[in-house]
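Step one of this worksheet: look at the structure below.
The numbers here are math on the coordinates, done by the rules we state, and not lab data. This one's a predicted model, so the numbers in the text were calculated from it and none came from an experiment. So basically every Cβ, Gly included, is an ideal-geometry build from the backbone, and we count neighbours across all protein chains shown.
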Amino acid sequence: MQHHSRIYSLISLLLAAFAGLFISCSQNLPEVESTDYSVIFEYKNEKDLPSARLSVFAASVSDVRRYQTIKITSLETGYYWESQGLTMLEADSKQWTGCTNLLAPENEKLPTGTYEITFINADEKECTLTLDIKYDIDFYDVLLPSLTDVMTQKRGIEKIAVFDKEHILIYFGDRTEEIKTTRDIWNRWREAVSYQIIWYTKDGSVICLTPEKPVSPEQAENEEL
């Protein structure tokens, strides 16, 4: 259950599904409870290899609304990222913040190894931690038609994400007997506009996002998910 909650929180961060749910907090120092990561492989179609980006996120003890900047350095390569585009949410009684769009230099793969992560708040107070990043780089070469077989071999986990017209996540869960076709989605969530198949490895180090598909009757047939 904790692992599912972590993945759900990360997916929510990736899709910016939550906002404005924070509690008040008077602490000035950034206090990070834990840090984690996933490498996101995103597919646009069946012919092209996926794009890849690194997502680094943290569960925070202090109020994440005061966080302004994240600095990330790969100690193995010297690659360096700095961003003020932090995504924030509150879920499972925890506050989460992170950056979900860290790209490697062109024609390079995201490096594995030790990273230094620094969070800086509005008072310019810093909190620095290290994070060991390991992931299966073979996914760079997996085309969408092969993804199901590859993930099945690696004992990956499949989920379905359903969105409304504002792209708010309204369902994130398993493919069930009641949710097998686009018509099933429409019958259950009349506000649904699109869905997406999401695969991730058991340790959450890799998440694969397939292209979104429509679910409204005007746009989609009663096709299997």
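P(r) tail for the range 46-184: Cα pairs beyond 19 Å make up 65% of the total. Shown is the FRET efficiency for D164 and N45, computed with R0 = 25 Å from the Cβ-Cβ distance and rounded to the nearest 0.05: 0.55. With one equal scatterer per alpha carbon and no solvent term, the Debye-computed log10 I(q)/I(0) for the range 91-144 at 0.18, 0.20 1/Å reads -0.88, -1.00.
Label 7 Å along Cα→Cβ of E82; the range 105-119 residues with amide nitrogen under 17 Å? Output list for this probe position: 116-119. Here each label is just a point 7 Å from Cα along the line to Cβ, and for Q153 and Q68 those points are 4.9 nm apart. Please give every one of the lysines within straight-line cross-link reach of K71, meaning a C-alpha to C-alpha distance under 30 Å, and leave out same-chain neighbours fewer than 8 residues apart. By straight Cα distance, K71 reaches K44, K94, K109, K125, K134, K202.
Inter-part distance, the range 118-133 to the range 37-69, computed on C-alpha centroids, equals 17 Å.
Percent of Cα pairs in the range 119-176 per distance bin of 5 Å, from zero to the largest separation: 4, 12, 12, 13, 11, 16, 15, 11, 5, 2.
Scoring 158-165, 142-149 by mean Cβ neighbours within 10 Å over their residues and listing the highest first yields 158-165, 142-149.
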